[in-house]
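Engineer: Sending over a structure as structure tokens; questions will come in a sec.
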Amino acid sequence: MENKITDMERTELDSTMSKRFVWAVAYGSSIGWGAFILPGDWLLSSGTLGSTLGITIGGILMLIIAVAYGGLTTRFPVSGGEFAFSYVGFGKYVSFIASWFLALGYISVVALNASAFSLLFKFILPDFLEIGYLYTIAGWDVYIMEVILSSLVLILFAFISIKSSGLSGNLQFIFALFMAIVVTILFAWSFFSGEFQLTNAKPLFNSDNGIWTSIILIVAIAPWMYVGFDNIPQAAEEFNFSPDKTFKLIVFGIVASIVTYVLMILVTSWVYPDEQTMGGALWVTGSVVQSSMGGIGMTMLALAISFGVFTGLNGFYMSSSRLLFALGRAKFIPSVFMKVGKSKTPYVAILFVMAVCLLAPWLGRTALSWIVDMSSTGVSIAFLITSLVAVRFFRVKDNYNLLYVIFGVLGAIISLAFLVLLLYPGSPASLSAPSYWALAAWTVLGLLFFLFQFKRLNALTKEELDYLILNEEE
């Protein structure tokens, strides 16, 4: 068997990712466009304090789950992240399931960011984008110019991702740093603009939903809000530093994300007594900033959201393509996905993600909420399996670590709670009907794909998979 393993092809990626790039991936991917587009929606559903508490609690829960990721990445610094972890803990079949749903989460976020970019232009230049009406989906009018803009953004960042991880990393750090600076400036400026008063932050909770539901509605989407942190393990094979730094970088990324989300909620909330009357049905935060801080503030916000979209696209192109690359290298999906170009990037996987996401702009903005729900579900399944892997792996004598076992148990409980909130019909944060149907379709598609690949998967031995997935030879 040893000769057979030695003769097998195992394509590897270059180690070019620095610590600052990895931090920027965690922070920039988590923030994306959500911190700038969605505060108005959160205030409406949960109030100022409900939103703030929900985001903070959600971030803390993600930090607990992240402990397992830090420990497992240190032990298995290979491309694929949860794919490799779930294989170690539960074998190839569970690994396939975890990876299938994680791919859903990652690809959904790429599509979301492209659609959000066109939303920004729809607010700033509505006449320009409202050209070439096509149809209406769930109350949202879809225009050809909107589709073209989102598609061009998807194509541009696919090209950047293929070009080189070095270029991608430098842009990610610049964009992430700029976002952090702009958020700080807007927050400081909010104290001296509009009709600023602390009492403007009322209502603290949505009176119809109540305190508990107001908080839970936000906590339930935490897997989507902070999903960027688990982009880091996907690229562990490309670190140019020791993987034992992983957890610290994840913590810095999540904490920075919590602060950014909360500051943008406060800016949106306390500048005017009723921000919902600012003409912001399309985009409340944009209306508030434009009315209170004028053209300069709006320009800064527009640049921040643009860079947020860019970091989201950049980060999730990286993570989704590395996941598909690892699956292709291990023969779980067609081997063409492990092909790399001259720049040592998995260009086939990147082009595949781009092709799938080019469908999203045709669905309109209403579909964004469906995709968010689907993304949260897919990611929560991966969180659950990874947490259980940590429990199983670190309780064995040779790898024993009580801290990782405890946090693995806590992470599994938290992940399961997220899934109940999202999937239980009576939950206040339950999926909408279209999200259920879309998730069911993805599940059926995964089942069909699994049956198609079963014979090939079954033929792979443990020794072969250990080599292809973990780069371990016995």
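Engineer: Among the residues in the stretch 450-463, are any at pLDDT 85 or above, open to solvent by less than 40 Å² (accessible area, probe 1.4 Å) and among the acidic types (D, E)?
Structural biologist: Scanning the stretch 450-463, I find no residue that is at pLDDT 85 or above, open to solvent by less than 40 Å² (accessible area, probe 1.4 Å) and among the acidic types (D, E), so the answer is no.
Engineer: Within 21 Å of the chain's Cα centre (by Cα), assigned to a helix (DSSP H, G or I) and over 23 Å from N170 (Cα atoms): is that true of L327 in this structure?
Structural biologist: Numbers: within 21 Å of the chain's Cα centre (by Cα): yes; assigned to a helix (DSSP H, G or I): yes; over 23 Å from N170 (Cα atoms): yes.
Considered against the rule, which asks whether it is within 21 Å of the chain's Cα centre (by Cα), assigned to a helix (DSSP H, G or I) and over 23 Å from N170 (Cα atoms), L327 comes out as yes.
Engineer: Please specify each residue of the stretch 163-173 satisfying the condition of being touching a residue at least 24 places away in the same chain (Cβ under 8 Å) and either open to solvent by 50 Å² or more (accessible area, probe 1.4 Å) or assigned to a helix (DSSP H, G or I) (or both).
Structural biologist: Of the residues in the stretch 163-173, the ones touching a residue at least 24 places away in the same chain (Cβ under 8 Å) are 163-166, 168-173.
Within the stretch 163-173, K163, S165, G166, S168, G169, N170, L171, Q172, F173 meet the criteria.
Engineer: Still on this structure, please answer the following. When the residues of the stretch 74-117 are narrowed to those that are touching a residue at least 40 places away in the same chain (Cβ under 8 Å), surrounded by fewer than 24 Cβ atoms within 10 Å (Cβ to Cβ) and small (G, A, S), which ends up nearest to V147 (Cα to Cα)?
Structural biologist: Checking each candidate, the answer is A103.
Engineer: What's the number of the condition A256 fails, among (1) open to solvent by 10 Å² or more (accessible area, probe 1.4 Å); (2) over 23 Å from T386 (Cβ atoms); (3) of a type in the set (A, V, I, L, M); (4) outside any loop (DSSP other than H, G, I, E, B)?
Structural biologist: (2)
Engineer: Say whether the condition of being open to solvent by 10 Å² or more (accessible area, probe 1.4 Å), under 26 Å from P434 (Cα atoms) and not small (G, A, S) is met by at least one residue in the stretch 339-353. I'd like the intermediate steps shown before the answer.
Structural biologist: First, the residues of the stretch 339-353 that are open to solvent by 10 Å² or more (accessible area, probe 1.4 Å): 339-344, 347-348, 351-352.
Next cut, under 26 Å from P434 (Cα atoms) only: 352.
Next, only the ones that are not small (G, A, S) stay: 352.
For the stretch 339-353, residues open to solvent by 10 Å² or more (accessible area, probe 1.4 Å), under 26 Å from P434 (Cα atoms) and not small (G, A, S): present.
Engineer: Also, quick follow-up: Pairs only if they're at least six apart or on different chains, beta carbon under 6 angstrom, first in the stretch 37-54 and of a type in the set (F, W, Y), second open to solvent by less than 10 Å² (accessible area, probe 1.4 Å) and at pLDDT 90 or above; list them, first residue then second.
Structural biologist: Listed by first residue and then by second, the contacts come to W42/S51.
Engineer: Another question, if that's okay. Could you run through the stretch 384-415 and say how many residues are open to solvent by 20 Å² or more (accessible area, probe 1.4 Å) and of a type in the set (S, T, N, Q)?
Structural biologist: Adding up the residues that qualify gives 2.
Engineer: Confirm whether G295 is of a type in the set (G, A, S), open to solvent by less than 10 Å² (accessible area, probe 1.4 Å) and assigned to a helix (DSSP H, G or I). Write out each step before concluding.
Structural biologist: Details: of a type in the set (G, A, S): yes; open to solvent by less than 10 Å² (accessible area, probe 1.4 Å): no; assigned to a helix (DSSP H, G or I): yes.
No: the conditions fail for G295.
Engineer: Return the only residue of A304, A256, A281 being modelled with pLDDT under 85 and touching a helix residue (DSSP H, G or I) at 6+ places or on another chain (Cβ under 9 Å). Give the derivation first.
Structural biologist: Numbers: A304 fails: modelled with pLDDT under 85; A256 fails: modelled with pLDDT under 85.
Every option except A281 fails the conditions.
Engineer: Further question on the same structure: Mind listing whichever residues of the stretch 416-442 are assigned to a loop (DSSP other than H, G, I, E, B), of a type outside the set (S, T, N, Q) and either over 19 Å from the mean Cα position of the chain (by Cα) or surrounded by fewer than 17 Cβ atoms within 10 Å (Cβ to Cβ) (or both)?
Structural biologist: Y424, P425, G426, P428
Engineer: I'm told A180 meets every condition in (1) modelled with pLDDT of 90 or more; (2) closer than 30 Å to L445 by Cα except one. Can you identify the failing condition by its number?
Structural biologist: Only one criterion in (1) modelled with pLDDT of 90 or more; (2) closer than 30 Å to L445 by Cα is unmet by A180, namely (2).
The values are calculated or read from the model by the stated rules, or taken from the named source; none is laboratory data. Just so you know, these numbers come straight off a predicted model, no measurement behind them. A quick note on method: Cβ atoms are made from the backbone with ideal geometry, for glycine too, and the neighbour counts reach across all protein chains shown. These accessible areas exclude ligands, DNA and RNA; they are computed on the full protein's heavy atoms, side chains included. Shrake-Rupley method; radii C 1.70, N 1.55, O 1.52, S 1.80 Å.
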